[in-house]
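Colleague: One structure, pasted below without further comment.
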Amino acid sequence: MKVKYFAWVRERIGKAEETIEPPASVRTVDDLIKWLASRDEGYAYAFEKPRVIRAAIDHAHVKPDAAISGAREIAFFPPMTGG
Amino acid sequence: MTAHVTVRIQQADFDVAREIALLTRGRTDIGAVVTFSGICRGTEGGGEIAALALEHYPGMAEAEIERHAQEAMSRWPLQGLTVIHRFGRIEPGQNIVLVLTASQHRQAAFEAAEFLMDYLKTSAPFWKQEEGTKELKWIEARAHDDAAAARWTKS
C-alpha cells in the first residue's frame with residue numbers, strides 16, 4: 001500500500017510518500033503507527049505522540065482503530081490548520 | 001433551478017465579485033448571498049510574519065470539502081455554494097479562502113457559511129506554516145476551532 005505524510009510528519013520522516021508492505025499482524029491504523037515508529041529515529045520522532053497524529057484512508061478521515069486491509073492509500077498528518 | 005456547487009483548490013488568487021456573479025448569474029430565486037473571505041494577517045501569535053505557506057493533500061482536500069459542501073446542501077435550503085481554498089505562499093493582505101452560500105432568505109446562507117468554515121478549519125487537509133523573519137514554523141491547531149466545529153454535530 002501507498003503511504004503519504006504531510007506537514008511536520010513528512011519533515012520528521014524525511015519523505016512525502018512510500019510504498020510499504022507491513023506484516024499481516026498489522027491490522028489497524030494504530031498498529032501501523034506503532035510498526036512505522038519502530039523503523040528508525042525519524043519515524044519514531046514523527047509518531048512520538050500517536051494521539052496527536054491524524055490518519056486518512058483513501059482520502060477519508062479515519063480513527064486509530066480503523067482496519068487497513070484493502071486500503072490503497074493511507075496518509076498521516078498533524079491536526080489541520082487550514083481555512 | 002438546479003443548485004450550483006463549486007469546490008476549487010488552487011494556487012492562484014480569486015476574485016470575490018466574479019465568484020458571486022458566477023454563482024448568481026441568470027437567477028432570480030436567490031435572495032441572499034453570504035461571503036466569507038479568509039485573509040492572511042501580518043501578525044501571528046504576536047509576532048510579525050512575512051507570509052504563510054500552505055501545504056495541502058491533493059485529492060483528499062477536494063473530496064473532504066465536497067463532502068461538507070454536500071452536507072451543507074442537504075442541511076439548509078441553499079440555491080448554491082462556492083468554496084475556494086488556496087495553497088502555496090500567501091502574503092499578508094492576500095486571500096486564503098472563500099466561502100459563498102446562496103439562499104432565498106438570509107438565515108440559511110449565514111448558517112451554512114459558518115458551518116462550512118468551521119469544518120474547513122478542522123477537517124480539510126491543509127497545514128499552515130508561518131514564514132517569520134528567520135525561520136518557518138508550523139502553526140498549531142486551536143482547541144476553539146474544534147469546539148466551533150463540534151457544535152454542528154447532530155445529536
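Colleague: Please state which of the following conditions residue B:81 fails to meet, knowing it meets all the rest: (1) outside any helix (DSSP H, G or I); (2) at pLDDT 95 or above; (3) surrounded by fewer than 22 Cβ atoms within 10 Å (Cβ to Cβ).
Modeller: (3)
Colleague: Hey, another quick one. Look through the range B:100-134, keep the residues that are within 18 Å of the chain's Cα centre (by Cα) and among the polar types (S, T, N, Q), and return whichever of them is surrounded by the most Cβ atoms within 10 Å (Cβ to Cβ).
Modeller: Filtering the range B:100-134 for residues that are within 18 Å of the chain's Cα centre (by Cα) and among the polar types (S, T, N, Q), the one surrounded by the most Cβ atoms within 10 Å (Cβ to Cβ) comes out as B:101.
Conditions (1) part of a helix (DSSP H, G or I); (2) more than 27 Å from residue B:30 (Cβ to Cβ), marked per residue:
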position	(1), (2)
B:93	no, yes
B:113	yes, no
B:122	yes, yes
B:127	no, yes
B:134	no, yes
B:152	no, no
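Colleague: Which ones in the range B:120-141 are under 17 Å from residue B:64 (Cα atoms) and among the charged types (D, E, K, R)?
Modeller: B:121
Colleague: Continuing with this model, one more query. I need a count of the residues in the range B:50-78 that are part of a helix (DSSP H, G or I) and within 23 Å of residue B:17 (Cα to Cα).
Modeller: Qualifying residue count for the region: 6.
Colleague: OK, next. Do you know which residues across the range A:54-67 are assigned to a loop (DSSP other than H, G, I, E, B) and either at pLDDT below 95 or under 11 Å from the mean Cα position of the chain (by Cα) (or both)?
Modeller: Matches in the range A:54-67: A:64 only.
Colleague: Another question, if that's okay. Kindly indicate the residue of the range B:49-90 that is among the small types (Gly, Ala, Ser) and in contact (Cβ under 8 Å) with a residue 60 or more places away in the chain and also farthest from residue B:108 (Cα to Cα) among those meeting that condition.
Modeller: B:50
Colleague: Between residues in the range B:91-106 that are more than 17 Å from residue B:68 (Cβ to Cβ) and away from chain A (no Cβ under 12 Å) and residues that are surrounded by fewer than 18 Cβ atoms within 10 Å (Cβ to Cβ) and of a type in the set (Ser, Thr, Tyr), which pairs lie under 8 Å by C-beta distance while being six or more apart or on different chains?
Modeller: B:95/B:37
Colleague: Can you name the condition, by its number, that residue A:70 falls short on among (1) part of a loop (DSSP other than H, G, I, E, B); (2) without any contact (Cβ under 8 Å) to a residue 12 or more places away in the chain; (3) within 14 Å of chain B (Cβ to nearest Cβ); (4) not β-branched (Val, Ile, Thr)?
Modeller: (3)
Colleague: Same structure, new question: Residue check: is residue B:137 within 14 Å of residue A:81 (Cβ to Cβ) and within 17 Å of the chain's Cα centre (by Cα)?
Modeller: no
Colleague: When you check residue B:51 against the structure, is it modelled with pLDDT of 95 or more, surrounded by fewer than 20 Cβ atoms within 10 Å (Cβ to Cβ), under 21 Å from residue B:12 (Cβ atoms) and of a type in the set (A, V, I, L, M), yes or no?
Modeller: Numbers: modelled with pLDDT of 95 or more: yes; surrounded by fewer than 20 Cβ atoms within 10 Å (Cβ to Cβ): yes; under 21 Å from residue B:12 (Cβ atoms): yes; of a type in the set (A, V, I, L, M): yes.
In short, yes.
Each row is one residue, and each column tells you yes or no for (1) at pLDDT 95 or above; (2) within 14 Å of chain B (Cβ to nearest Cβ); (3) in a helix (DSSP H, G or I).
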residue: A:9; (1), (2), (3): yes, yes, yes
residue: A:23; (1), (2), (3): yes, no, no
residue: A:26; (1), (2), (3): yes, no, no
residue: A:31; (1), (2), (3): yes, no, yes
residue: A:35; (1), (2), (3): yes, no, yes
residue: A:81; (1), (2), (3): yes, yes, no
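Colleague: Also, quick follow-up: So is residue B:139 within 14 Å of chain A (Cβ to nearest Cβ) and either closer than 27 Å to residue A:12 by Cβ or acidic (Asp, Glu) (or both) or not? Let's see the steps before the verdict.
Modeller: Numbers: within 14 Å of chain A (Cβ to nearest Cβ): yes; either closer than 27 Å to residue A:12 by Cβ or acidic (Asp, Glu) (or both): yes.
Judged against the criteria, residue B:139 is a match.
The values are calculated or read from the model by the stated rules, or taken from the named source; none is laboratory data. Since the structure is predicted, the reported quantities are computational estimates derived from the model, not experimental observations. Note: ideal-geometry Cβ built from the backbone for every residue, glycine included; neighbour counts use all protein chains shown.
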